[in-house]
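Student: Once you've had a glance at the structure underneath, I'll fire off some questions.
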Amino acid sequence: MSNQTIPLFTVGAGVYNDFKDNDLTDLVNYTKQVQYLENVSNLKSANYQIFEEQGFSFLKEYCTKAVNHYASDVLGWKVKLEIVTSWSNVTLKSASHHVHNHKNSILSGVFYLSDNNSALRFYNPFEIYEAFDLNNYDNLDYHSFNSKFWDITPLKNTLIVFPSWLDHGVVEQENDSERISLAFNTFLAKGQQLGRPYAFTGLWI
């Protein structure tokens, strides 16, 4: 039977792997010295402004440019975003990261400082996949229309940008090396006007 399937509402993750500076040794060493807190099944830094520390400015600039590229070129938004919080994550062997999303943020991102990373897993937001068990998992050809989740296995120096409301987590780290990443949240940069004042939806940031 011949038909055309049109993706109606698509959720995308931006994968940026064009970071040019390959020597991040100082940043990796810094992440190993900061104080960490337990985060259910992995570790997160107590510092939630890690991009403001000395030596991180070039990486903050790269990540800011990437999230605004995603906002404008992918989503078509005519706004400017800025990074408002940033922290480091460490996942040890046999550890994982629980399913969560990021409140009070528009777009979020994760930059990877390590190799041999376990996958970043995104979960399908359409609830029908949780309400019914419709798949024969032994023979299913997975694609974006029928998957309950989608894994992205990041390489070192890769940045992944995604909508903050999208549930995600990290699968178990199976190898001996530490999985080290820098995560951040964004919000509207100051000095912008949103909405349409004549429709009473105007908002000034």
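Computed from the coordinates by the stated procedures, all read-outs in this text should not be read as laboratory data. Only a predicted model underlies this, so the values are computations on that prediction, with no experimental measurement involved. Every residue, glycine among them, receives a Cβ derived from its backbone with ideal geometry; neighbour counts consider all protein chains shown.
Student: Rounded, prolate or oblate for region 29-151? Axes are the square roots of the Cα gyration tensor eigenvalues, ordered a ≥ b ≥ c, and the cut-off for rounded is a/c under 1.5. Provide the component values of the computation, followed by the final result.
Tutor: On the way: a/c = 2.33, a/b = 1.39, b/c = 1.67.
Cα axes put region 29-151 in the oblate bin.
Student: Give, rounded to the nearest 20 debye, the magnitude of the charge dipole that the chain has about its Cα centre when Lys and Arg contribute +1 at Cβ and Asp and Glu contribute -1 at Cβ. Before the final figure, lay out each step's value.
Tutor: Working: 15 positive and 22 negative charges, 172 e Å.
Computed charge dipole of the chain: roughly 820 debye.
Student: Still on this structure, please answer the following. What list of whole percents do you get for P(r) of the chain, with Cα-Cα distances grouped in 5 Å bins up to the one holding the largest distance?
Tutor: 1, 6, 13, 17, 18, 15, 11, 8, 5, 3, 1, 0, 0
Student: Using 7 Å Cα-to-Cβ label points, what is the Ala199/His143 separation (nm, one decimal)?
Tutor: It works out to 3.5 nm between the two label points.
Student: Then there is this: Towards the positive end of the charge dipole of region 26-183, with charges on Cβ (+1 Lys, Arg; -1 Asp, Glu), say which of Phe56, Asn157, His100 has the farthest Cα.
Tutor: Selected residue: Phe56.
Student: So what J values fall out for region 191-203 if you push phi through Karplus, 6.51 cos²θ - 1.76 cosθ + 1.60 with θ = phi - 60°, rounded to Hz, Gly and Pro as x?
Tutor: Per residue, the Karplus-derived 3J(HN,Hα) values read x, 10, 10, 10, x, 10, x, 6, 9, 6, 10, x, 9 Hz.
Student: Hey, another quick one. Per residue of region 66-77, in order, report the coupling 6.51 cos²θ - 1.76 cosθ + 1.60 (Karplus, θ = phi - 60°) as ³J(HN,Hα) in whole Hz, putting x for Gly and Pro.
Tutor: Working through the residues one at a time gives 5, 5, 6, 5, 4, 5, 8, 7, 9, 8, x, 6 Hz.
Student: Something else: So if I place +1 on the C-beta of Lys and Arg and -1 on the C-beta of Asp and Glu, and nothing else carries charge, what would the dipole magnitude of region 49-143 be about its Cα centre? I want it in debye, nearest 20.
Tutor: 380 debye
Student: For the chain, what does the helix formula give at 222 nm: sum of -39500 (n - 2.57) over DSSP H segments with n ≥ 4, over the residue count, nearest 500 deg cm²/dmol? Intermediate results must be reported in sequence, preceding the final value.
Tutor: On the way: 3 runs with 24 residues, N = 205.
That comes out to -3000 deg cm²/dmol.
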